[in-house]
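Just below is one structure, and these are the notes that go with it.
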Amino acid sequence: MQVKDKIAAQIKLAVEAAMNDGALKFSDALPEVALEVPPKKEFGDFATNFAMQTAKIFRASPRKIAEEIKSRISSDLFERIEIAGAGFMNFYLRNDVIYRELKTIYDAGENFGNLPNKGNVTIQIEYVSANPTGLLHVGHGRGAAAGSAIVNIMRAAGYNVESEYYINDAGNQMDKLAKSVNARYLELLGQEINFPEDGYQGADIIDTTRRIISRHGDKYLNLPADERIKILGELAYADKMLELQKDLENFGVEFDVWFSERTLHPDKINAAIEVLKSNGGVYEQDGALWLASSKYGDDKDRVVIRENGEPTYLAADIAYHKNKFERGFGELINLWGADHHGYVARVKAAMTMLGYDADKLKIIFLQMVSLFRSGEAVKMSKRAGTAIPMRELMEEVGTDAARYFFLMRSTDSQLDFDLDLAKSQSADNPVYYIQYAHARICSIFRQTKEAGLTIEGAPNFSLMNSTSEIDLINKIFEYPDEIEKAAAEYSPQRIARYVYDLASTFSAFYRDCRILGVEKDLAVARLALLKITKHTIEHALGLLGVSAPERM
């Protein structure tokens, strides 16, 4: 049990005692005890506004509630408890409690940061899911960084998570890909062409076609057009998927499941529509089938089967989400672009009509990314003249910087990505600053090893009592709670901010606390604290998908 949990338990026991005494009269359900680390050390190690939250419930002033709670807490955890302002409770831990907790963390070793499993329910997280018709761009990059970090954080927090990529490999976009590659194929083999008006004209289409020619030559040149387009479409699809998977792998992103939309056509789509027909969820009008989504919060009804009998994208998405629920996931999390806001109501409406709990489907929206170089907006790829591919960003700033910068801000806020800052090797660059802190700790360990100083036996942590030492210890104590909150809120930016603050707190420790040249037991205790700090930085960066170099 973490110190924070122990404090919360003490507050609950005190509240129960006050209620049994009649000092506090209960009239409603009590909220959970929320504890925070105060912004300034003088306000204690932990603080809570529980007394203020429960003022209406107990029909008493927050200060009276706080005093009743304080008077009934008898624990060796605290040096003192103070009531501040209208009823804040500030808790000051005894130093021996801090040192016992630090020893527990030290003994946990590599397991520190991995919280107990929360149960058998599996949560599915689906993200990126770009059409396999072109290169991933920087917007997909933000989704890839956020999705993979959320997966990592939730697993560290003890959730069972499965990640999935939904391959949009059916429909009109795949026909356009096939016709576009066919036109480039003929062109590169010396034929006159009329490029399709709605075709994909990016340089990546030419690259794909060249790779097809390098593997297969002109063997498809004299085939009937329909047959050639079909074959080239499949070859292009395979090539695009290979390039897409390569980019994601280079970006540190892996998926447990790659789900093909093609597997939904036609049987699973028809099955979903039949269920909706049977319960009045769809109706026929003007030769088409419409989803009655306006009954469930959508602004209007939507076509699911066109007049020509072809399903819309919505029909496939309904079948896909039906399939997800059928696979038994306890919760579904989708990362979508901000332009999909209007899509939520119709998909949730369909799930409700199919008999599923639509509240189990959660959507995380990704706002736009704007790139800046020398203070000027960068909108187009230098090579292709189109949206900037993710691979170009990786080539320019590196994977670590790209991932960290994508994760610095909440997904629901627009991101201004400073390319110059991301490439700079200075303390102004947050990812460089954090990695440098880790490398500096590694350097300290190399120096102490050369000096013959190693950690042997149980370190005497009680020798550390300076402000810089206690600040670093307390910052490490915050880590499990940050993981818990980041997982609950789907907010990897919490971990990005935490590990930066940890690096900053370490820098103050490094400035104030020598290792070599001080009494041996104190040096060993400080070295043990640095071992924990090193692991915590590595663990946090690992959740973000960022490396922790030992030398810089």
Mean Cα-pair separation over length for the stretch 430-544, i.e. relative contact order, pairs under 8 Å, 6 or more apart, %: 42 percent
MRE, 222 nm, helices only [DSSP H, n ≥ 4, -39500 (n - 2.57), over the chain, to nearest 500]: -16000 deg cm²/dmol
Label-point separation in nm, Val121 to Ala34, each point 7 Å along Cα→Cβ: 2.1 nm
Net charge over other residues, Cβ less than 12 angstrom from the Cβ of Ile57 (K, R count +1; D, E count -1): +2
Per residue accessible area in Å² of the chain, where ligands, DNA and RNA are left out and the probe is 1.4 Å: 46 Å²
11 Å beta-carbon shell around Leu415, net charge (K/R +1, D/E -1): -1
For the stretch 43-66 and the stretch 507-552, distance of Cα centres in Å: 38 Å
Modelled FRET efficiency - R0 51 Å, Glu234 with Lys25, Cβ distances, 0.05 increments: 0.10
Normalised contact order of the chain, rounded percent, pairs of Cα under 8 Å and 6 or more residues apart: 14 percent
The stretch 63-195 - convex hull of alpha carbons, volume per residue in Å³: 250 Å³
Packing-based ranking, highest mean first, of 239-246, 202-209 given that Cβ atoms within 10 Å are counted: 202-209, 239-246
Violating pairs (Cα-Cα greater than 22 angstrom) within the set Lys324/Lys348; Lys268/Lys348; Lys295/Lys322; Lys322/Lys348; Lys64/Lys485; Lys362/Lys485: Lys64/Lys485
Cα-based helix-to-principal-axis angle, 3-21 vs the chain, degrees rounded to 10: 70 degrees
Acute angle (nearest 10 degrees) that the helix 343-353 long axis makes with the longest principal axis of the chain, alpha-carbon atoms: 90 degrees
Estimated FRET transfer efficiency (Glu197, Ile455; beta-carbon r; R0 60 Å; 0.05): 0.30
At R0 = 51 Å, FRET efficiency that the Cβ-Cβ distance of Asn111 and Glu376 yields, to 0.05: 0.60
Environment charge at Leu264 (Cβ cut-off 15 Å; Lys +1, Arg +1, Asp -1, Glu -1): -4
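The values are calculated or read from the model by the stated rules, or taken from the named source; none is laboratory data. Source: prediction; values computed, not measured. Note that we place each Cβ from the backbone using ideal geometry, even for glycine, and neighbour counts take in every protein chain shown. Quick note on the areas: whole protein, heavy atoms, side chains included, nothing else; ligands and nucleic acids left out. Shrake-Rupley method; radii C 1.70, N 1.55, O 1.52, S 1.80 Å.
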